[in-house]
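Inspection log for the structure reproduced underneath, given as structure tokens.
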Amino acid sequence: MHAESQAFWKLVRHDAKLEAVASGFGFTEGPVWDRAGFLYVSDEEINKIYRVYSDGHREELIALGDPDGGTFDRQLRLLDCASALRAIIRIGPDGKYTVLADHFEGKKFNSPNDVVIGPDGAIYFTDPTLDLPQGEKQEIPFQGVYRLDESGKVRLLTKELTQPNGLAFSPDGRRLYVDDSQQRNIRVYDFSDGTLNNGGIFGEEPGGKGEGVPDGMKVDRNGNLFVTGPRGIWVWDREGHHIGTIAVPTQPANLAWGDKDYRTLYITATTSVYKIRMKVRGFVPYLTRSVK
């Protein structure tokens with residue numbers, strides 16, 4: 001643990017330990033906690049999504065080319081950014097999937113990367129070129145952030161980011177945070193009625209080559225941000241102060257709140273999955289009722 005402020009210790013215990021849950025993956029991404037007691041984990045290299053249990057046991061859900069960020073919708077159905085399909089998909093318990101969206105204005109998405117449910121119940125996702133399938137052409141001449149509603153309508157929210165990646169809503173639904181992996185920064189927007197306004201830089205995560213970039217992000221119930229970055233998970237308060245870093249042995253790509261009380265942070269980091277208990281509860285956008 002590396003505290004930049006005493007505020008860090010209000011979120012993390014001094015004796016908190018990072019525990020390995022499972023290892024031996026290719027490249028882990030897209031963690032989603034299921035109340036049945038396991039974690040969905042995407043493996044971008046082995047091209048599969050697994051159910052991963054606390055004892056390290058794993059079960060294959062689906063073989064899928066380059067799966068990435070995931071979430072549940074409000075009906076607790078699994079959504080995933082399928083980079084090879086260049087689509088947002090919904091996956092059933094039997095491993096069969098439905099494409100929810102793969103085009104904008106008649107052109108194929110680049111490679112959808114991360115996804116979150118908004119306060120209005122719509123699906124919000126980023127579409128960088130980071131995982132554009134080799135040999136395939138970029139059809140949309142920018143890297144956007146989009147809204148997908150229940151009818152299947154896709155709306156562009158912003159195209160000002162270079163490589164938009166992780167995204168998260170504030171607990172009150174008034175802010176949307178989006179990080180830019182190429183610019184190594186986090187942006188924040190005012191959110192209202194499915195639109196973004198007043199975008200600006202929230203924070204920067206500088207680092208050396210190979211040290212990691214802003215990628216997945218999550219928020220706690222108090223509005224603090226947990227963002228992957230150089231050498232671990234960077235923790236930010238609501239005002240944009242970097243208050244500390246949760247050090248991770250291998251470079252993290254994404255994270256999710258889990259366990260019955262949503263006080264455990266699960267971290268996908270290269271070939272492994274880790275967890276750490278927190279003092280705070282996570283904010284989980286797809287849960288319509290608060291966790292007691």
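Coordinate-derived values only; no laboratory data. Computed from a predicted structure; not experimentally measured. FYI the Cβ positions are ideal-geometry reconstructions off the backbone, even for glycines, and counts take in every protein chain you see.
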Cα-projected label distance for H57 with K159, points at 7 Å along beta-carbon direction, nm: 4.9
For every other residue with a beta carbon closer than 9 angstrom to the beta carbon of R51, add +1 if it is Lys or Arg and -1 if Asp or Glu, then tell me the sum. -2
Using mean Cβ contacts within 10 Å as the protection proxy, how do 53-61, 163-171 order, highest first? 163-171, 53-61
Rounded, prolate or oblate (a/c below 1.5 giving rounded, otherwise prolate when a/b exceeds b/c) for the range 86-145 by Cα gyration tensor: oblate
Output the peptides 252-259, 210-217 sorted from most to least packed, where packing is the average of other Cβ atoms within 10 Å over each peptide's residues. 252-259, 210-217
Can you figure out the FRET efficiency of R77 with R281, using R₀ = 22 Å and their beta-carbon distance, to the nearest 0.05? 0.40
Within the set of other residues whose C-beta is less than 13 Å from the C-beta of D190, count the net charge using Lys and Arg as +1 and Asp and Glu as -1. +1
Can you compute the modelled spin-label distance between V99 and K209, with each label point 7 Å from Cα toward Cβ, in nm? 3.8
Charge context of I243, other residues only, Cβ under 14 angstrom, K/R +1, D/E -1: -2
Show me 104-113, 82-91 ranked by packing, highest mean number of other Cβ atoms within 10 Å first. 82-91, 104-113
Looking at the square roots a ≥ b ≥ c of the eigenvalues of the Cα gyration tensor of the chain, which shape do they give, rounded for a/c under 1.5, prolate if a/b is larger than b/c, or oblate? rounded
By the Cα gyration tensor axes a ≥ b ≥ c (a/c under 1.5 gives rounded; else a/b larger than b/c gives prolate, otherwise oblate), the shape of the range 119-167 is prolate
Inter-centroid distance (Cα atoms) of the range 37-98 relative to the range 183-251, Å: 24
